[in-house]
Amino acid sequence: MSYSLIIAETRKGEFQEGNFDPLYLSDIVGLPSYILLPEGEYGILRGSCDKVIVAPLKEGEFLNPLNIIRLLERTFQAFGEPSAILLPHCSFGIDVAPYVAGRLGWPIITDISGFCRGEEGEIFIKTLYSEKINGHFRLKEGMRFVGTVRKGVFPKVAEVVKETLFEEAPSIEKDPRRDFIEYIEEEIEDVDITKADLLVSVGRGVKEKGNIPLFEELAALLGGVLSCSRPVADRAWLPKARQVGTSGKTVRPKVYFALGISGAFQHIAGMKDSDVIIAVNKDPSAPIFQYAHYGVVEDMHRLAQKMIENLRDQK
């Protein structure tokens with residue numbers, strides 16, 4: 001039976017959230033999903049995939065693409081050859097995917113951000129030229145491929161509940177030519193905006209750094225987190241970790257307030273899949289209104305102040 005094999009990333013024993021994106025894509029395409037992982041406990045995956053294949057490799061050994069290639073050869077013998085090998089589009093996936101595609105002789109599609117079915121068949125989508133155009137990639141019938149999947153772009157198929165099987169991958173002789181040394185930790189972020197249910201995002205219309213506290217208070221009163229567009233992060237009015245967009249983070253909160261954000265395509269790409277988008281802008285022709293579920297033509301500062309007064313009264 002055809003299936004997709006997801007080579008998943010763990011970090012210090014923790015299953016990374018970005019692994020769910022290739023899993024969701026597999027569900028949308030309609031392929032059974034097998035997840036390949038290093039040694040560890042993965043109860044979190046029960047019910048979300050068809051099979052969890054645990055490799056006889058420690059995490060550092062699993063990070064070696066040369067070991068993964070040897071592991072795939074044995075895994076194919078045990079479970080059959082998949083139709084697709086999917087990885088999260090992160091440093092791990094970007095490192096491993098080209099090795100795998102080159103060794104197998106399969107085509108590779110990196111940074112997949114969309115999927116659709118048309119008259120010509122199944123089409124995988126990735127953005128090109130700084131998100132200016134969408135590239136459509138259609139595979140020949142029966143062609144297998146390797147892909148990396150962008151974080152936060154595919155929704156969970158809600159009705160999918162699976163009887164997950166846990167199995168062990170065959171043992172391999174480890175490749176000594178490359179070795180994992182250590183993790184170099186990135187700068188600790190003050191908050192992870194990708195996990196927020198409500199975001200109040202400010203753009204160039206905030207005008208100056210001294211106005212930021214007003215919108216921090218609004219976000220706090222709404223029970224959300226303050227985020228921003230690139231001009232705000234570039235001026236260091238908010239940390240880079242708060243930036244939404246192609247050069248920032250892709251978010252999918254339940255509610256996204258876009259205040260004083262014109263709606264450049266780079267920003268839209270990072271928040272367009274939010275459940276509810278509420279845009280506030282003085283310019284009625286701002287592009288952001290094309291994507292908003294609700295739009296308010298008003299000064300963002302005046303509106304924020306009025307909302308804060310009302311919310312304080314309710315406390």
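The values are calculated or read from the model by the stated rules, or taken from the named source; none is laboratory data. Because the structure is a prediction, the values reported are computed rather than measured. Ideal geometry is used to build each Cβ from the backbone, glycine not excepted, and the neighbour counts take in all protein chains shown.
Brief remarks on what is shown
- The residue of segment 11-32 that is surrounded by the fewest Cβ atoms within 10 Å (Cβ to Cβ), among those that are in contact (Cβ under 8 Å) with a residue 60 or more places away in the chain and more than 15 Å from the chain's Cα centre (by Cα), is Lys12.
- Those residues of segment 88-141 which are loosely packed, with under 14 Cβ neighbours inside 10 Å and in a loop (DSSP other than H, G, I, E, B), in sequence order: Gly105, Glu119, Glu120, Tyr129, Ser130, Lys132, Lys140, Glu141
- Pairing residues of segment 144-167 that are at positive phi and modelled with pLDDT under 85 with residues that are outside any loop (DSSP other than H, G, I, E, B) and of a type outside the set (Asp, Glu), at Cβ distances under 9 Å and at least 6 apart in sequence or on separate chains, gives Gly152/Gly18; Gly152/Thr194; Gly152/Lys249; Gly152/Gly270.
- When residues of segment 259-304 are limited to those that are outside any helix (DSSP H, G or I) and of a type in the set (Lys, Arg), the one nearest to the chain's Cα centre (by Cα): Lys272
- Count of segment 237-282 residues, restricted to those that are out of contact with any strand residue (DSSP E or B) (no Cβ under 8 Å at 6 or more places or on another chain) and without any contact (Cβ under 8 Å) to a residue 24 or more places away in the chain, is 5.
- From Val251, Val146, Val232, residue being assigned to a helix (DSSP H, G or I), of a type in the set (A, V, I, L, M, F, W, C) and crowded, with 19+ Cβ neighbours inside 10 Å: Val232
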